[in-house]
Amino acid sequence: MELSDDALSLWGKKSNQDGDERWLPLVAHMVDTMNVGHWLYNTWLSDGQRSFLTTRICDAEMSKLVMFLCYIHDLGKATPAFQTKESYNHDYQLDEELLNRLARRSFKGLDDLRLQNRGKSPHARAGEAILEKAGLNETVAAIIGGHHGKPQSG
């Protein structure tokens, strides 16, 4: 599958380790997570766990659902609230580089974006809202909203 430069410019992980600035495109993180989830579902679960998960849908459909959920879990990172987040270790040079990368694409204006309440839109909550708006079953979308262990309250 060919991905646009726009899609590849969104970051999913970033860090600075001993002066080495690193960042991972969001789509690469999503694919990695999908592959790990697929592997875990097919090799790590006990027969009892798999049986429990497949009481309402067949194993093949559950496997697809697991892969989908793992892939889409960080969709909320594709929002301005996340893409303009500062690095945990305050690597302003890396932050600036990634914002400039977005500005060179079709994401014009992110470098000037000042979000008043960025903290009220964590990526898990944003992902759940995006998926619900797109028509995904709210029970399934809630899995995305709570993927860091804290379900959304509204």
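Within region 1-30, restricting attention to residues that are more than 23 Å from PRO80 (Cβ to Cβ) and of a type outside the set (D, E, K, R), which residue is surrounded by the fewest Cβ atoms within 10 Å (Cβ to Cβ)? Quick ask: steps written out before the conclusion?
So in region 1-30, the residues more than 23 Å from PRO80 (Cβ to Cβ) come out as 1-2, 17-20.
Those left that are additionally of a type outside the set (D, E, K, R): 1, 17, 19.
Details: MET1: 4, GLN17: 8, GLY19: 6.
Residue satisfying both the conditions and the ranking: MET1.
Filtering region 70-102 down to residues that are aromatic (Phe, Trp, Tyr) and surrounded by fewer than 20 Cβ atoms within 10 Å (Cβ to Cβ), which residue is nearest to ALA126 (Cα to Cα)?
We begin by selecting, within region 70-102, every residue aromatic (Phe, Trp, Tyr); these are 71, 82, 88, 92.
Among the residues that remain, those that are also surrounded by fewer than 20 Cβ atoms within 10 Å (Cβ to Cβ) are: 71, 88, 92.
Values: TYR71: 15, TYR88: 20, TYR92: 24 Å.
Going through the qualifying residues, I end up with TYR71.
For the structure I just gave you, tell me whether TYR92 is modelled with pLDDT of 95 or more and of a type outside the set (Val, Ile, Thr).
Numbers: modelled with pLDDT of 95 or more: no; of a type outside the set (Val, Ile, Thr): yes.
Considered against the rule, which asks whether it is modelled with pLDDT of 95 or more and of a type outside the set (Val, Ile, Thr), TYR92 comes out as no.
Could you list, in sequence order, the residues of region 37-58 that are surrounded by 13 or more Cβ atoms within 10 Å (Cβ to Cβ) and charged (D, E, K, R)?
ARG50
The values are calculated or read from the model by the stated rules, or taken from the named source; none is laboratory data. Quantities reported herein were computed from a predicted structural model and do not represent experimental measurements. Because the Cβ atoms are built from the backbone with ideal geometry, glycine has one as well, and the counts that use them run over all protein chains shown.
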